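Data block below; observations after.
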Amino acid sequence: MCGIVGAVAQRNVTKILVEGLKRLEYRGYDSAGIAVVSEDQLVLRKALGKVSELEEKCIANPVHGGVGIAHTRWATHGKPSEVNAHPHTSDHIAVVHNGIIENHAQLRAQLQGKGYEFLSQTDTEVVAHLIHSLYEQSGSLKETLRQAITHFDGAYALGVVSTKEPDLIVCARSGSPLVLGVGIDENFIASDQLALRQVTDRFVFLDEGDLAEITADRIDIFDINGHSVERDVVQLTDAEESADKGEYRHYMLKEIYEQATVLQNTLQGRVSKTGVLEEAFGTEAKAIFDQVEAIQILACGTSYHAGMIAKYWFEDWAGLPCAVEVASEYRYRKTVVRPNTLFVTISQSGETADTLAALRSSKESGYLASLTVCNVANSSLVRESDLRLMTLAGPEIGVASTKAFTTQLVALQLLVIALGRRGCLSAEKESELVAGLLQLPELCKQVLDLDGPIQQMSEAFSEKNHALFLGRGVQFPVALEGALKLKEISYIHAEAYPAGELKHGPLALVDSDMPVVAVAPNDELLEKLKSNLEEVQARGGKLFVFADAKSGFSNDHGTTVLSLPHVPLNIAPIIYTLPLQLLSYHVAVLKGTDVDQPRNLAKSVTVE
């Protein structure tokens with residue numbers, strides 16, 4: 001959630017840095033600061049709270065210099081304070097950092113043994129002192145940073161300046177994003193290109209493991225092996241950086257296609273190659289997580305479906321009992337709270353009235369603590385929860401939630417892993433789950449490439465008035481979400497059931513005029529699902545099956561199969577959601593409904 005801005009220019013960079021931080025405020029933060037190289041000195045300004053507080057300090061006590069770095073921080077190590085705010089310094093070195101250095105405690109002990117004194121509780125001050133300790137040997141800031149990053153376990157995006165080399169910034173990234181801005185006789189760094197749109201429209205997106213040296217007139221980039229490399233300069237238009245539909249017909253379609261990117265954003269800085277970096281949940285997370293014995297999830301609508309999926313994960317992988325309820329029902333009944341239960345809310349907007357009311361009432365109910373999974377940094381749920389994990393989906397304009405839902409699932413899986421490692425989740429299983437999550441962006445792209453066949457499939461729904469969605473196990477909530485999407489935007493009456501419940505009522509609805517949609521990953525319930533679907537075929541139902549390519553389904557006169565790539569089972573609920581989103585979208589377009597603003601619905605339900 002933290003933000004980085006840096007600038008090397010022929011002019012004073014202070015205003016550029018502060019403006020860049022303002023443009024990153026949407027990400028959420030608790031403090032802000034800048035460090036400027038001014039006449040061979042490091043000049044720092046830090047403020048607790050809003051960027052406006054930092055700006056006032058810079059106006060009252062002006063800072064002048066052509067090289068500087070700036071940061072907005074959301075605490076992961078050490079409480080919010082000016083002392084813990086970035087940039088962190090060590091003599092002539094100043095550092096800003098996004099991500100988490102997992103082995104900071106070991107490095108801190110080594111550096112203390114060398115005589116370094118620590119003023120903060122952050123992992124980032126370790127970075128500053130380590131770079132300082134290595135600098136005397138190399139005499140090169142670039143070479144020192146290259147050596148320093150070999151000592152780090154975890155994720156980082158780093159920007160570093162030094163009064164001994166006052167005309168440059170060096171930076172590096174691994175697991176956290178970093179972009180370079182290309183100007184005329186000035187260049188920039190940032191964690192998000194939005195921070196630099198006031199000064200440039202040309203950007204270089206660093207690859208994983210890249211290190212760069214930036215001066216006012218040049219940018220030199222080196223790969224993970226230290227070899228000089230060229231990266232493409234990308235010119236962005238205003239449409240690409242705004243809440244504009246761009247090339248897409250509707251916001252919803254744009255947001256469906258953004259999922260490969262936002263899923264990656266939600267993971268970056270929160271996972272290493274083999275594990276979850278639980279500090280991303282906040283400074284109090286470890287102490288709270290160590291006590292958790294049960295989970296209570298509250299949500300509404302699409303977010304409720306995300307919670308239902310997470311229930312399977314909590315109980316299967318983490319061995320934690322998990323209850324999931326609709327917030328509007330929960331708040332009006334008496335409840336029995338298990339000891340040491342973590343109260344989890346899920347919301348795109350963070351202002352959902354029933355969910356917010358449930359959180360407020362929970363504070364008197366004996367819960368261990370509260371955590372929210374949310375997409376809006378300064379929302380009420382975020383402010384009023386003890387812990388929070390932002391989904392980083394970016395603005396979602398379409399009323400029917402798409403990218404907010406799938407990023408919620410990623411965030412919830414990170415929470416399950418962080419809690420599960422305290423119980424029955426082995427290190428090997430954690431590594432397996434993280435490996436699956438890291439495949440999400442590429443597999444997402446592969447599924448979205450199936451848009452053509454899905455659009456063709458949608459024609460079978462355009463004249464229908466009803467549809468039935470089926471799934472088994474963790475795919476049942478995916479079926480619920482598919483049915484919700486179809487009814488929200490096409491106004492077709494759609495319901496979802498566990499496939500095993502067909503004989504208990506829904507089978508009476510099946511005939512040749514009732515499309516039946518099934519989600520069929522190649523999991524342990526596949527054969528049982530096939531038996532259920534044979535019952536549909538025997539009644540003359542028309543089946544539309546989204547199936548693993550290896551699941552053995554084939555097209556015939558009553559069955560249309562869309563083959564999906566084989567995916568790790570832990571990400572199957574996320575991947576199988578995508579074609580259902582596309583199906584509902586194309587059906588709605590054929591029916592001529594208002595896709596982005598369906599009748600009677602609002603994006604954020606802020607009243608009961």
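What follows draws every value from the coordinates through simple rules; no lab data is involved. What you are looking at is a predicted structure, and each value in this text was computed from that prediction instead of being measured. Every residue, glycine among them, receives a Cβ derived from its backbone with ideal geometry; neighbour counts consider all protein chains shown.
Hey, if you drop one equal point scatterer on each alpha-carbon of region 303-374 and run the Debye formula without solvent, what base-10 log of I(q)/I(0) do you get at q = 0.13, 0.16, 0.23, 0.27 Å⁻¹? Ignoring solvent entirely, the Cα scatterers give -0.36, -0.55, -1.17, -1.50.
Each residue in Cys322, Cys2 was given a count of other beta-carbon atoms within 10 angstrom of its own, and listing them fewest first yields Cys322, Cys2.
Please work out the ratio of the alpha-carbon Rg of region 8-81 to 2.2 N^0.38 Å and round it to two decimals.
Against the empirical 2.2 N^0.38 Å value, I get 1.06 for region 8-81.
The angle between the Cα long axis of helix 124-138 and the longest principal axis of the Cα atoms of the chain comes to about 50 degrees, rounded to the nearest 10. In the chain, the longest principal axis of the Cα atoms and the axis of helix 104-113 are about 20 degrees apart. Computed over all pairs of different Cα atoms, the Kirkwood value for the hydrodynamic radius of region 444-498 is 12.1 Å.
Under 1.5 on a/c is rounded, so check that first for region 164-237, then, if it is not, pick prolate when a/b is larger than b/c and oblate when it is not; a ≥ b ≥ c are the square roots of the alpha carbon gyration tensor eigenvalues. Note, shape of region 164-237 comes out oblate. Compute for region 53-203: radius of gyration divided by Kirkwood radius, i.e. Rg/Rh, restricted to C-alpha atoms, rounded to two decimals. Expressed as Rg/Rh, it is 0.95. The average projected area of the chain, computed from the convex hull of its Cα atoms over all directions, is 27.7 nm².
With contributions of -39500 (n - 2.57) from each DSSP H run of at least four residues, the per-residue ellipticity at 222 nm computed over the chain stands at -10000 deg cm²/dmol.
Under 21 Å of direct C-alpha separation, and excluding same-chain neighbours fewer than eight residues apart, Lys363 reaches these lysines: Lys286, Lys334. Counting neighbouring Cβ atoms within 10 Å and putting the fewest first, the residues Ser554, Ser362, Ser81 line up as Ser554, Ser81, Ser362.
Three principal axis extents of region 404-451 based on alpha-carbon atoms, in descending order, are 41, 22, 10 Å.
Orientation-averaged projection of region 471-525 equals 4.1 nm² [convex hull of Cα atoms, one quarter of hull surface area]. Computed on the Cα atoms alone, the convex hull of region 274-321 gives a volume of 109 cubic angstrom per residue.
Converting phi to 3J(HN,Hα) with the Karplus coefficients 6.51, -1.76 and 1.60 and the offset θ = phi - 60°, region 61-70 yields 10, x, 10, 10, x, x, 9, x, 10, 8 Hz in sequence order, with x at every glycine or proline.
Annotation: lysines with alpha-carbon distance below 25 angstrom to Lys487 (same-chain offsets under eight excluded): Lys245, Lys254, Lys311, Lys403, Lys464, Lys503, Lys542, Lys591, Lys603. When the Cα positions of Leu359, Gly394, Gln264 are compared along the charge dipole of the chain, Leu359 comes out farthest toward the positive end, with charges on each C-beta of Lys, Arg, Asp and Glu. Built from the Cα atoms of region 38-106, the convex hull projects on average onto 5.4 nm², one quarter of its surface area.
Region 268-336 and region 523-594 have their alpha-carbon centroids 28 Å apart.
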